[in-house]
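Nothing in this text is a laboratory measurement; each read-out follows from the coordinates by a stated rule. Not measured: the values here are computed from a predicted model. For neighbour counting, all protein chains shown are included, and Cβ atoms are generated from backbone atoms with ideal geometry for every residue, glycine included.
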Amino acid sequence: MKVEQGQSALLTGGGGGIGRALAVALAGRGVRLTILDLNIAHGEETVRLVEEEHAKISYKPIDSPSAIFIRCDVANSDELAAAYARHHDVFGRLHICINNAGVFSTNAFYEDKSWRKMIDVNLTAVIESTSNAIQAMKGQGGLILNIASSAAFMPIDLFAVYCSSKAGVAMFTRSLAHLGMGIRVNAICPEFVNTPLLVALPPLLKDYIEENVGYVEMEKVVTAAFSALDDESMTGECLWVSTHRPTQIWPDEETKRKQQAVTKDGTPFAGL
Ligand SMILES: NC(=O)c1ccc[n+]([C@@H]2O[C@H](COP(=O)([O-])OP(=O)(O)OC[C@H]3O[C@@H](n4cnc5c(N)ncnc54)[C@H](O)[C@@H]3O)[C@@H](O)[C@H]2O)c1
């Protein structure tokens, strides 16, 4: 399966930043959307932008709205399950799931317990949402895209828990390469993108990033997302979306081989 007009998608954290950009881009391809977010005003604005995009391409969904907003804390499994049920009631089927909601903090994890929220939202909720999506898609197939981060591949002391949460998402995605059921699961892993998420950066670090590292253009993030969604041969892969380098599958084949355990006779352990 790849993205086609008339499909429907459920997208978490669609109230701003990367999620909103993906929602608008999907709408440009004639996809109908359920937008989940904590922020009602922001989520409703994304619904309006989706409707506007559908009008631009003269797409009028029959028997369903262009998009709906559901206020949902993705870390609450009951709210998440209810959102999936509502999506089914409104759109009848789920073709695409985008697990994008995320939080970021640089608080020292040994000073307080606020780090738990990063694991709950960035990792546990992605697993929970993927589980809901598979239940909705099995028998019909579908596309699941997780928004991880290049932090999944780079240890950064100030971001230890954020890096761990995203590394979890990347490995969860890779581990689903052979899920089958016509469901493809992939992830994109962008470097810094200039969104409200980064208000949590200490000002000195933000200045350093702006002067020396730079941001990934949103268009490059969206292009990477669509290459994962549209490439029917891609499954269980992470796409590293860099500011200065071309987007690439990471780990590459050579690194994957090096990361594999070997059996007694030295051949790669291919899993069970
Ligand atoms: N901005 C970056 O530099 C960057 C880089 C790589 C990956 N990412 C990832 O991309 C994703 C989107 O981030 P962004 O940069 O667009 O940030 P953002 O803060 O602009 O958007 C995140 C959205 O998620 C929503 N959200 C947060 N917690 C939620 C919850 N519990 N339930 C439902 N919605 C919730 C927020 O309200 C917000 O609308 C995140 O997973 C983030 O970790 C961001």
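Under 12 Å between alpha carbons, and skipping anything fewer than 8 positions from residue 117 in its own chain: which aspartates and glutamates qualify? Straight-distance partners of residue 117: 73. What share of the DSSP beta bridges in the chain is antiparallel, in percent to the nearest 5? Once the DSSP bridges in the chain are tallied, antiparallel ones form about 10 percent.
Could the peptides 193-204, 117-128, 159-170 be put in order, highest first, of the mean number of other beta-carbon atoms found within 10 Å of their residues?
Ranked by mean Cβ neighbours within 10 Å, highest first: 159-170, 117-128, 193-204.
Once amide H atoms are built 1.01 Å from N in the peptide plane, which residues 5 or more positions from residue 38, or in another chain, come under 5 Å H to H? Excluding prolines and chain starts, which carry no amide H, the hits are 72. Model label sites at residue 178 and residue 264, defined 7 Å from Cα along the beta-carbon direction, differ in position by 2.2 nm.
For a straight C-alpha distance cut-off of 29 angstrom, the lysines reachable from residue 256 (same-chain residues fewer than eight places away being disregarded) are 2, 138, 166, 220, 264.
Order the peptides 150-157, 35-42 from the highest to the lowest mean number of other Cβ atoms within 10 Å of their residues.
Highest mean packing first, the order is 35-42, 150-157.
Dividing the helix sum by the residues of the chain, where each DSSP H run of 4 or more adds -39500 (n - 2.57), gives a mean residue ellipticity at 222 nm of -11500 deg cm²/dmol.
Computed about its Cα centre, the charge dipole of region 12-92 is approximately 320 debye, with only Lys, Arg, Asp and Glu carrying charge at their Cβ. Inter-label distance, residue 109 to residue 5: 4.8 nm, where each label sits 7 Å from its Cα along the C-beta direction. Couplings 3J(HN,Hα) of region 251-262, computed from phi: x, 6, 4, 5, 5, 4, 4, 5, 8, 8, 5, 10 Hz, in residue order, whole Hz [Karplus 6.51 cos²θ - 1.76 cosθ + 1.60, θ = phi - 60°; x for Gly and Pro]. Note on residue 60: aspartates and glutamates with a C-alpha under 20 Å away, same-chain residues under 8 apart excluded, are 4, 44, 45, 51, 52, 89. Contact order normalised by length for region 8-144, with contacts defined as Cα pairs under 8 Å and 6 or more residues apart; what percent is it? Contact order relative to length: 26 percent.
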